[in-house]
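Input: a single structure, listed below in structure tokens.
Bear in mind these aren't lab numbers, they're just calculated from the coordinates by the rules spelled out. Because the structure is predicted, anything quoted here is derived from the model rather than measured. Backbone-built Cβ (ideal geometry, glycine too); neighbour counts: all protein chains shown.
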Amino acid sequence: MGRRKHPLYTIGYSGHTLDSFVATLQAEGVSLLIDVRMTPISRKKGFSKTALRQALEDSGIRYEHMRSLGSPRDLRTSLYENKDYDAFFASYRAYLACQTPSVSEAASFATSERTCLMCVEHEPHQCHRSVVADAIADAMNAKVAVHHLSH
């Protein structure tokens with residue numbers, strides 16, 4: 001009999017209100033949200049680090065910001081200018097390969113808590129959090145099942 005895989009969720013807050021975002025996490029039983037934005041600020045009310053941490057903690061969800069898993073500014077700028085997702089993801093994978101301790105820490109969280117990775121982009125295939133999720137799955141020897149949450 002095969003061992004059950006740990007769930008690992010990802011979510012983009014674009015299109016959510018803070019209430020719908022928290023409700024989506026609660027519906028999946030998420031106990032830890034890992035913010036994988038390099039700079040955890042937002043013009044959208046409630047989604048900057050301090051306000052988000054407070055709202056999550058008030059709802060029983062722990063917040064962890066992992067800056068090192070964020071997408072470096074030069075990569076984001078290049079993507080905005082060129083719209084070349086293949087180049088962006090190749091560059092981000094190279095960057096992430098140098099972040100092994102952070103990936104290992106996130107994998108450790110995912111083995112002990114119901115964990116969700118968060119960034120802004122709604123579509124997971126257009127967001128670096130999918131690459132982070134894949135790296136965590138690799139670090140866990142594929143003992144994780146990745147689920148991308150939407151509204």
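Which number comes out as Rg/Rh for segment 6-149 once both Rg and the Kirkwood Rh are worked out on C-alpha atoms?
Numbers: Rg = 14.2 Å, Rh = 15.1 Å.
When Rh is taken as the Kirkwood radius, the ratio is 0.94.
Fewest to most neighbouring Cβ within 10 Å: what's the order for 50, 39? Before the final figure, lay out each step's value.
Working: 50 10, 39 13.
Ascending Cβ contact count within 10 Å gives the list 50, 39.
I want the local charge near residue 97. Using Cβ-Cβ distances under 14 Å, sum +1 for each Lys or Arg and -1 for each Asp or Glu among the other residues.
That sum, taken over residues with Cβ under 14 Å, equals -1.
Which residues' amide hydrogens lie under 5 Å from the amide hydrogen of residue 8, considering only partners 5 or more residues apart or on another chain, with H built in the peptide plane?
145, 146, 147
Between residue 44 and residue 112, what length in nm is gained on full extension when 0.36 nm per residue of separation is reduced by their alpha carbon distance? If you can, show how the numbers build up before the last one.
Details: separation 68, 0.36 × 68 = 24.48 nm, distance 3.08 nm.
The span from residue 44 to residue 112 would gain 21.4 nm if fully extended.
Could you pull out every residue, at least 5 positions away or on a different chain, whose amide H is within less than 5 Å of the one on residue 62? Hs are placed 1.01 Å off N in the peptide plane, and Pro or chain starts have none.
Placed amide hydrogens put 32, 33 under 5 Å from residue 62.
At 222 nm, what value in deg cm²/dmol follows for the chain if DSSP H runs of at least 4 each add -39500 (n - 2.57) and the sum is divided by all its residues, to the nearest 500?
It lands at -13000 deg cm²/dmol.
Might you report the magnitude of the Cβ-based charge dipole of the chain about its Cα centre, with Lys and Arg at +1 and Asp and Glu at -1, to the nearest 20 debye?
Charge dipole, the chain, about its Cα centre: 160 debye, nearest 20.
For 25, 117, 79, what ranking results if the residue with the fewest other Cβ atoms within 10 Å of its Cβ goes first?
79, 25, 117
Which net charge results for the neighbourhood of residue 15, defined as the other residues with beta-carbon distances under 12 angstrom from its beta-carbon, given Lys and Arg at +1 and Asp and Glu at -1?
Neighbour charge sum, excluding residue 15 itself: -1.
Going by how many other beta carbons lie within 10 Å of each one, how would you line up 24, 17, fewest first? Spell out each step's value before the answer.
On the way: 24 18, 17 14.
Fewest-to-most ranking of 24, 17: 17, 24.
Taking 0.36 nm per residue of sequence separation and subtracting the Cα-Cα distance, how much length would be gained by fully extending the chain between residue 98 and residue 134, in nm to one decimal?
Value of the extension gain: 11.5 nm.
Which FRET efficiency value, to the nearest 0.05, do you get for residue 4 and residue 28 by plugging their Cβ-Cβ distance into 1/(1 + (r/R0)^6) with R0 = 25 Å? Mind showing how you got there, number by number?
On the way: r = 16 Å, r/R0 = 0.64.
Taking R0 as 25 Å, the efficiency between residue 4 and residue 28 is 0.95.
On a full-extension model of 0.36 nm per residue, what is the gain between residue 87 and residue 74, subtracting their alpha-carbon distance, rounded to one decimal in nm?
Details: separation 13, 0.36 × 13 = 4.68 nm, distance 1.22 nm.
My answer for the length gained is 3.5 nm.
Once segment 36-98 is represented by equal point scatterers at the alpha-carbon sites, with solvent omitted, what log10 I(q)/I(0) does the Debye formula produce at q = 0.13, 0.20, 0.28 Å⁻¹?
For segment 36-98 at q = 0.13, 0.20, 0.28 Å⁻¹, log10 I(q)/I(0) is -0.46, -0.83, -1.10.
If a paramagnetic tag sat 7 Å from the Cα of residue 14 along the Cα-Cβ line, which residues of segment 61-103 would have the backbone N under 19 Å from that point?
Output list for this probe position: 70-93.
Give me the lysines in straight-line cross-link reach of residue 44: C-alpha distance below 29 Å, same-chain residues under 8 apart excluded.
83
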